[in-house]
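Asker: There's a structure below that I have some questions on.
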Amino acid sequence: MTRGASWFALIALVVLFSHAAYLNLPYFWDEMGQFVPAALDIYSGGAWVPHSTVPNAHPPGVMAYLAAVWKIFGYSIPATRVAMLVLASLAGLVTLWLSERLGLTPAWAFAPVVLLLLDPLFYMQSMLAQLDMPAMLFTLLVLLLFLEGRHKSAALASVALVLTKETGALLPLILGAALWMDRNSRKQAWLYSLPFFALAVWFVVLWRATGHLFGDAGFTHYNIGYALHPVRAAVSLVRRVYYLFIADFRWVGTFAIVYAWRRASVYSIRAWKITWLFIAAHTLMVSLLGGAELERYLLPVIPLIYIAMAAAWSTVSALVRNVSFVAVSAGLLLGLFLNPPFPFPYENNLALVDFVNLHRDAARYLEQIYPNQTIYTAWPLTQALRDPAFGYVSRGLAVAETSDLRRFTLEAIDPRSVDVLVVYSRTWEPEWGVLRWPLVQQFLTRYYEYGPQMNDQEIRQHFGLVPVQRRTRGGQWIEIYARPVA
C-alpha cells in the first residue's frame, strides 16, 4: 500500500505539473457540446438525463463525478481539469501494476507508464472532461483484477466501466466468456453479467425520459448507421491500426512486438492471450462504431500496447531495448507538437490549445466590439459565445448557428440577415497537406460530405461583409467579418 501511494504521488506530481499551464484553459469542442452541460444538469438540478444538451447513450458516470467535485470545491474550470488529472494519475498507477502482472520486472514495468505519460493523445485527454480516459482507467483496473483472480472486485469495477462509457461492456463480455469456457469457473463467469444489468437500467431510464432507447435518433444514426458504411468502416480500421502501431514512432515498438511474437514465448501465457483478444476486439469495435472516428476511442488499449512493447523489449539486448525505448519516447514527444499532413482531431495534441486560444481571443474581441449584435458562426464557437461558464466570455452573446462553414451552407443564408460573421479552420488543411490533392478531396466529398469553406472573396460577394480581424496560430486561423459602417 505504501509503495502504491508513493508511485501514485510521483505520477500525480508529474501529471499535474506538466498540465499546470492549462488548468484555466476554456473547454473544448465535445466538452462544451455534451459532457460539461450534462454534468452541470446533475450539479444544478440533479437531472441524470441531460436537458441542456442532446441526451444520448453515454451513461452519466463521469458527469456525476464532476458534479460531486463541484459540490465540494465549487464549479470552476480548474476544478474540472484537476478532477480529470487525478483520474489520469490513477490510470498511470494501474498501468504500472498491470505491467507487473503481465510479467514485466519491477525495474522495467515503469517503462509503459513513461510512454503513456509522453503519449500526446493521453496527455491531452487526461485534462479534458470526456469519457475515454476514465474508461481507460476502469478498463485497466478490470483487467488487472481479473488476472489476479479477484472476480467480485473485477465485476464491480466492470459496473463502473460501463457507467463511464457504454462501449466498456465489451471487456466484461470477453472476460465472462473466457471464464465460461472453463467449466470450473462458470460460477464466477456469471459475475460479469452485473455490468449488463447496470447498463440496462441506464437505457431504461434514458428511454423513459426521451422515448428513444439511445436518447436521440440522430446520435444513433451517426454512430451506428453512418459509421457502418463499408468504405468508412474500412478507412476507420486502417486509421486505427496506423495510429496504434505506426504513428509517432510506435512502429519501432511494433517491430519489437512482431519479433517477440515470432521468436519468443513472451505472449504465450493465458493473461496475454486475453489481453491481445481484447485489443483486437476493441480496435475492431471502435472502427465499426462511432461516426466521428476519433483516436481517443483507442485510449483503453493504448497502455496495453505500451506494455506489449516493453514485454517485447525484454527479449532483446540491452542496447536494442534502450535505443528502441528512447526512439518511441522521442516520437511521442514530437507528436505532441507536430501535426500530421492529413486531417486529424485537434484534441490529439497541442493543436487543441491553439484552437481554444484563438477562439478565446476572438470571443473577447466580439464581446467588446459587437456586444449587442447577433454573431453568425458554426458550433462549437456558438456554444462558447452563448455561455460564460465555458470560459470564453464574461456574458452571453446573441448567436445564430450554421451547421458548418462550407460554401454551399453559407450561400443558403439570406445575406441581409448577417451583420457579423465568424469563420475559422474547423479542419486541419495546411497548404502542404493532403487535402490539397484533388483525388483526396473527391474521396472525402463522396464518403464524408467534405466541402471547402467559403473563402474571403466569396464572403465579400455574397454577404457584402469586410474582414475586421484575422488571427492565426499554429497553422490554424479565425477571421471576423462585419458589415461596413456608413
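Asker: On the basis of being touching a residue at least 12 places away in the same chain (Cβ under 8 Å) and out of contact with any helix residue (DSSP H, G or I) (no Cβ under 8 Å at 6 or more places or on another chain), does Y226 make the cut?
Answerer: no
Asker: Here is a further query. Is it true that some residue in region 419-428 is out of contact with any Gly (no Cβ under 9 Å at 6 or more places or on another chain), of a type outside the set (D, E), surrounded by fewer than 14 Cβ atoms within 10 Å (Cβ to Cβ) and in a loop (DSSP other than H, G, I, E, B)?
Answerer: no
Asker: Out of region 33-70, which residues are in contact (Cβ under 8 Å) with a residue 60 or more places away in the chain, in a helix (DSSP H, G or I) and within 18 Å of L161 (Cβ to Cβ)?
Answerer: Hits for region 33-70 are F35, G61, V62, Y65, L66.
Asker: Another one. Within region 152-170, is there a residue that is in the same structural domain as I224 (by TED's automatic domain parsing), part of a loop (DSSP other than H, G, I, E, B) and over 22 Å from N223 (Cβ atoms)?
Answerer: No, region 152-170 contains no residue that is in the same structural domain as I224 (by TED's automatic domain parsing), part of a loop (DSSP other than H, G, I, E, B) and over 22 Å from N223 (Cβ atoms).
Asker: Okay, next question. Yes or no: region 12-28 includes at least one residue that is more than 26 Å from P59 (Cβ to Cβ) and over 23 Å from the mean Cα position of the chain (by Cα).
Answerer: Scanning region 12-28 turns up no residue that is more than 26 Å from P59 (Cβ to Cβ) and over 23 Å from the mean Cα position of the chain (by Cα).
Asker: When you scan region 227-238, do you find a residue that is under 23 Å from L161 (Cα atoms), part of a helix (DSSP H, G or I) and assigned by TED's automatic domain parsing to the domain that holds V54, even just one?
Answerer: No - not one qualifying residue is present in region 227-238.
Asker: In region 217-274, what residues are crowded, with 18+ Cβ neighbours inside 10 Å, closer than 22 Å to F342 by Cα and aliphatic (A, V, I, L, M)?
Answerer: Correct list: A227, L244, A247, V252.
Asker: Return the residue satisfying two criteria in turn: it lies in region 320-351 and is aromatic (F, W, Y) and touching a residue at least 40 places away in the same chain (Cβ under 8 Å), and of such residues it is farthest from L294 (Cα to Cα).
Answerer: F325
Asker: Residues of region 429-452 being without any contact (Cβ under 8 Å) to a residue 60 or more places away in the chain, of a type outside the set (A, V, I, L, M) and surrounded by fewer than 16 Cβ atoms within 10 Å (Cβ to Cβ), which ones?
Answerer: E431, R436, W437, P438, Q442, F443, T445, R446, E449, G451, P452
Asker: Still on this structure: State which residue pairs qualify: first residue modelled with pLDDT of 95 or more and inside region 106-120, second residue surrounded by fewer than 19 Cβ atoms within 10 Å (Cβ to Cβ) and hydrophobic (A, V, I, L, M, F, W, C) in any location, beta carbons under 6 Å apart, and separation of 6 or more residues or different chains.
Answerer: L118/L333; P120/L336
Asker: If I filter region 194-207 for residues that are out of contact with any helix residue (DSSP H, G or I) (no Cβ under 8 Å at 6 or more places or on another chain), surrounded by fewer than 13 Cβ atoms within 10 Å (Cβ to Cβ) and under 30 Å from A271 (Cα atoms), do I get at least one hit?
Answerer: yes
Asker: Check whether at least one residue in region 72-90 is buried (at least 19 other Cβ atoms within 10 Å of the Cβ), more than 26 Å from A154 (Cβ to Cβ) and of a type in the set (S, T, Y), and report yes or no.
Answerer: The answer is yes, given that some residue of region 72-90 is buried (at least 19 other Cβ atoms within 10 Å of the Cβ), more than 26 Å from A154 (Cβ to Cβ) and of a type in the set (S, T, Y).
Asker: Now for a separate question. Looking only at region 453-472, filter to residues that are under 29 Å from the mean Cα position of the chain (by Cα) and buried (at least 16 other Cβ atoms within 10 Å of the Cβ); which one of those is modelled with the highest pLDDT?
Answerer: Ranking the candidates gives R471 first.
Asker: Also, quick follow-up: Go through region 444-480 and report how many residues are assigned to a helix (DSSP H, G or I) and touching a strand residue (DSSP E or B) at 6+ places or on another chain (Cβ under 9 Å).
Answerer: Of the residues in region 444-480, 4 are assigned to a helix (DSSP H, G or I) and touching a strand residue (DSSP E or B) at 6+ places or on another chain (Cβ under 9 Å).
The values are calculated or read from the model by the stated rules, or taken from the named source; none is laboratory data. These numbers come from a predicted model, not from an experiment. So basically every Cβ, Gly included, is an ideal-geometry build from the backbone, and we count neighbours across all protein chains shown.
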